[in-house]
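A.B. asks: Below is the structure I would like to discuss, written out as structure tokens.
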């Protein structure tokens, strides 16, 4: 057996081991991000398309499923939720007109429209001030407060205030990267006696300035 053949076998074996090794996520380079840069880049995102697992909670009960969401920065959206492979809920919002099947109460509609919009497009906060909160930035205006981690410039918590005195709370966790964009892949939205927890499976950011709604059609989850 020649030496060259032995070398070739060793190299092939090494490549085999490397291909079987678990793939680790590249380091999230938080130190390269600044608040101004992140907000400016976010405002260039016009649409978010995502699939996710979802848990709906009310009192001591919960419903689990999977969702498909297409949403633009104006708030227009299409949402479908599947449970055990069957379509359990469908919701659309167009220019403030919300339609759903089955019918939902006002709190659920708020979570799944304004809640989802401000949760995902958190950077689209207007006329805000910035306060230093130790390891965090606090972005505030009359309607919203967003707590951002200084190192990652990712949200940890958001409060949305409504004129009726109610407060919608969003908790964020699990940083991830997709298409060069850092985001929080776990979000829990709470309002009144309801809570919805989303864990992103796939996400796509459309970085054009066009804000006209386009519907690519929602696939049926298998």
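The values are calculated or read from the model by the stated rules, or taken from the named source; none is laboratory data. Since this is a predicted model, take the numbers as computed values, not measurements. Ideal geometry is used to build each Cβ from the backbone, glycine not excepted, and the neighbour counts take in all protein chains shown.
A.B. asks: Do you know which residues across region 78-124 are buried (at least 20 other Cβ atoms within 10 Å of the Cβ) and at pLDDT below 95?
C.D. replies: The one that is buried (at least 20 other Cβ atoms within 10 Å of the Cβ) and at pLDDT below 95: 108.
A.B. asks: Determine which single condition residue 48 fails, assuming it passes every other condition in (1) in contact with a helix residue (DSSP H, G or I) (Cβ under 8 Å, 6 or more places away or on another chain); (2) in contact (Cβ under 8 Å) with a residue 60 or more places away in the chain; (3) farther than 14 Å from residue 117 by Cα.
C.D. replies: The number of the failed condition is (3).
A.B. asks: Continuing with this model, one more query. Condition test on residue 133, is it out of contact with any helix residue (DSSP H, G or I) (no Cβ under 9 Å at 6 or more places or on another chain), in contact (Cβ under 8 Å) with a residue 40 or more places away in the chain and either surrounded by fewer than 20 Cβ atoms within 10 Å (Cβ to Cβ) or farther than 20 Å from residue 40 by Cβ (or both)?
C.D. replies: On the way: out of contact with any helix residue (DSSP H, G or I) (no Cβ under 9 Å at 6 or more places or on another chain): yes; in contact (Cβ under 8 Å) with a residue 40 or more places away in the chain: no; either surrounded by fewer than 20 Cβ atoms within 10 Å (Cβ to Cβ) or farther than 20 Å from residue 40 by Cβ (or both): yes.
It is false that residue 133 is out of contact with any helix residue (DSSP H, G or I) (no Cβ under 9 Å at 6 or more places or on another chain), in contact (Cβ under 8 Å) with a residue 40 or more places away in the chain and either surrounded by fewer than 20 Cβ atoms within 10 Å (Cβ to Cβ) or farther than 20 Å from residue 40 by Cβ (or both).
A.B. asks: Would you confirm, using the coordinates I've provided, whether residue 6 is over 23 Å from residue 192 (Cα atoms), surrounded by 10 or more Cβ atoms within 10 Å (Cβ to Cβ), touching a strand residue (DSSP E or B) at 6+ places or on another chain (Cβ under 8 Å) and modelled with pLDDT under 60?
C.D. replies: Details: over 23 Å from residue 192 (Cα atoms): yes; surrounded by 10 or more Cβ atoms within 10 Å (Cβ to Cβ): yes; touching a strand residue (DSSP E or B) at 6+ places or on another chain (Cβ under 8 Å): no; modelled with pLDDT under 60: yes.
So residue 6 fails the test.
A.B. asks: Just to be sure I understand, how many residues within region 143-153 are touching a strand residue (DSSP E or B) at 6+ places or on another chain (Cβ under 7 Å), touching a residue at least 40 places away in the same chain (Cβ under 8 Å) and outside any strand (DSSP E or B)?
C.D. replies: Count: 1.
A.B. asks: Search region 26-62 for residues being closer than 14 Å to residue 152 by Cβ and at pLDDT below 80, and hand back the single one that is surrounded by the most Cβ atoms within 10 Å (Cβ to Cβ).
C.D. replies: Residue satisfying both the conditions and the ranking: 33.
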